[in-house]
Amino acid sequence: MNSLFSSDKITFDLPNAQIEYYPNFFEEAKAKDFFDELYHGIPWQQDPITVFGKTHPQPRLTALFGNEGKPYSYSNIVMQPHSWNPLLLFIKNEIEEVCKDYFTTVLLNLYRDGKDSNGWHADNEKELGRNPAIASVSFGAERSFHLKHNTISSAKLKINLGNGSLLLMKGETQHFWKHQIPKTSKDIKPRINLTFRSIK
């Protein structure tokens, strides 16, 4: 595959954060093809998650791909990686070309409709090391992405993550900020999100 990304980016003046947004990282038609291949070709799973002592199905489907022998754990869920496939490797290489970081692992999320969500959290697990770089690629329906500072109540940001977009969170972001994909009552089609990270 030839390079299909756009390096046009938007940056944000935020305290304790380094965030870059590439709204058209992958061209629209190619992003749709990627969505279709991932939607039908990934072994999606739905793990139980325990919040405030209650266990229920996670409100989205997930999958983990990455280098052999590097599991990823969050919210008492331990995921074992599948081996990289050609499409995920291609997307990974395109992102690495721009952000100059190397990623060992990708966590995939499938939001089937507006009821699927991801609550407030930070990607600050110990195995990601200090100041991890997180690269988030979106395919399919647009969803609203919210960020809020841990201690500065006025420091907030909302970004509509569109089809083919790339969001990079680097530097101190995961130590000082939390993010979420909230539920919505709107009639929204599925969205697939790939979050690339490096497990130390």
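Cβ-Cβ distances below 9 Å connect the following pairs, each with a first residue in the stretch 79-90 that is surrounded by fewer than 15 Cβ atoms within 10 Å (Cβ to Cβ), a second residue that is of a type in the set (S, T, Y), and a separation of six or more residues or different chains: Q80/Y72.
Of all residues in the stretch 49-67, those satisfying the criterion of being surrounded by 10 or more Cβ atoms within 10 Å (Cβ to Cβ) and either outside any strand (DSSP E or B) or in contact with a His (Cβ under 9 Å, 6 or more places away or on another chain) (or both) are I49, T50, Q58, P59, R60, A63, L64, F65, G66, N67. Every condition in (1) touching a residue at least 60 places away in the same chain (Cβ under 8 Å); (2) on the phi > 0 side of the Ramachandran plot holds for F139 except the one numbered (2). Hey, could you check the stretch 26-48 for residues that are under 21 Å from G66 (Cβ atoms) and part of a loop (DSSP other than H, G, I, E, B) and say which is most open to solvent (accessible area, probe 1.4 Å)? Per the stated criteria, the residue is Q46. Do you know which of the residues in the stretch 158-182 that are of a type in the set (K, R) and surrounded by 14 or more Cβ atoms within 10 Å (Cβ to Cβ) is farthest from E97 (Cα to Cα)? This residue is K178.
Report whether or not V106 is touching a helix residue (DSSP H, G or I) at 6+ places or on another chain (Cβ under 8 Å), within 18 Å of Q180 (Cβ to Cβ) and not in a helix (DSSP H, G or I). So V106 fails the test. Looking only at the stretch 87-97, which residues are out of contact with any strand residue (DSSP E or B) (no Cβ under 7 Å at 6 or more places or on another chain) and not polar (S, T, N, Q)? L87, L89, F90, E96, E97, listed by residue number. All conditions but one from (1) part of a helix (DSSP H, G or I); (2) within 14 Å of the chain's Cα centre (by Cα); (3) closer than 28 Å to G41 by Cβ; (4) free of Cβ contacts under 8 Å to residues at least 60 places away in the same chain apply to Q174; the one that does not is (3).
Suppose we keep only residues that are more than 15 Å from the chain's Cα centre (by Cα) and assigned to a strand (DSSP E or B) within the stretch 120-157. Which one would you say is surrounded by the fewest Cβ atoms within 10 Å (Cβ to Cβ)?
This residue is K156.
Only one of the numbered conditions (1) closer than 27 Å to K9 by Cα; (2) in contact (Cβ under 8 Å) with a residue 40 or more places away in the chain is violated by Y74, and that is (1). Within the stretch 92-102, not a single residue is assigned to a strand (DSSP E or B) and out of contact with any Cys (no Cβ under 6 Å at 6 or more places or on another chain).
The residue pairs whose first member lies in the stretch 99-114 and is among the charged types (D, E, K, R), whose second member is surrounded by fewer than 17 Cβ atoms within 10 Å (Cβ to Cβ) and in a loop (DSSP other than H, G, I, E, B), and whose beta carbons are closer than 8 Å, counting only pairs six or more residues apart or on different chains, are R112/P190; D113/D187; D113/K189; D113/P190.
The values are calculated or read from the model by the stated rules, or taken from the named source; none is laboratory data. Keep in mind that this is a model prediction, so the values were computed, not measured. Positions of Cβ are backbone-derived with ideal geometry, glycine not excepted, and every protein chain shown enters the neighbour counts. What goes into the accessible areas is simple: the full protein's heavy atoms, side chains included, and nothing from ligands, DNA or RNA. Shrake-Rupley method; radii C 1.70, N 1.55, O 1.52, S 1.80 Å.
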